[in-house]
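Below is one structure, written out as C-alpha cells, with a few remarks after it.
The values are calculated or read from the model by the stated rules, or taken from the named source; none is laboratory data. Bear in mind the structure is a predicted one, so any value in this text is a computation, not a measurement. Every residue, glycine among them, receives a Cβ derived from its backbone with ideal geometry; neighbour counts consider all protein chains shown. Please note that ligands, DNA and RNA were not included when accessible areas were found on the heavy atoms of the full protein model with its side chains. Shrake-Rupley method; radii C 1.70, N 1.55, O 1.52, S 1.80 Å.
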Amino acid sequence: LFINFVSKYMITQPINLLFRFLQNQTIVSIRLHNDFSRRIQGVIMGFDEFMNIVLDDAFYINSFSKSSNLGQVLIKGDCIVTISEVKMKQYS
C-alpha cells in the first residue's frame, strides 16, 4: 500500500525547487522565523547547500501592504520558514 502511495505522488526536494526558481527567474516570497507577519519578495540570484539565498530586486512587505525597496540581499538559510512562488498579480 505504501509503495502505491509513493509512486502516485512525486515528492520535490527543496533544493530542486530552489534550482527551478533560479533557472526560471521566478519571483519568490520568503517568510522569516523572527517575524512571520512580514515577508521579503524578489528574484533568486543564487543559493548554497545551507539554503542561504541571494535575492535581487528584493523588497520588504509588512502586513499593512507597505513595502520598502532593499535591492540585493543575502538571507541566511536558518532564518527562512517558507519560500513560495509569487503570482504576477501579487507582485505589482
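Within a Cβ distance under 15 Å of LEU32, other residues only, what is the Lys/Arg minus Asp/Glu net charge? If you can, show how the numbers build up before the last one.
On the way: positive: ARG31, ARG38, ARG39, LYS76; negative: ASP35, ASP78.
It works out to a net charge of +2.
Provide ILE15, ILE83 ordered by accessible surface of protein heavy atoms (probe 1.4 Å), highest first. If you can, show how the numbers build up before the last one.
Values: ILE15 75, ILE83 40 Å².
Ranked from most to least accessible, the order is ILE15, ILE83.
If Lys and Arg each add +1 and Asp and Glu each add -1, what is the summed charge of the other residues whose beta carbon sits under 12 Å from the beta carbon of SER63?
On the way: positive: ARG31, ARG38, ARG39, LYS66; negative: ASP35.
After counting each charged neighbour, the total is +3.
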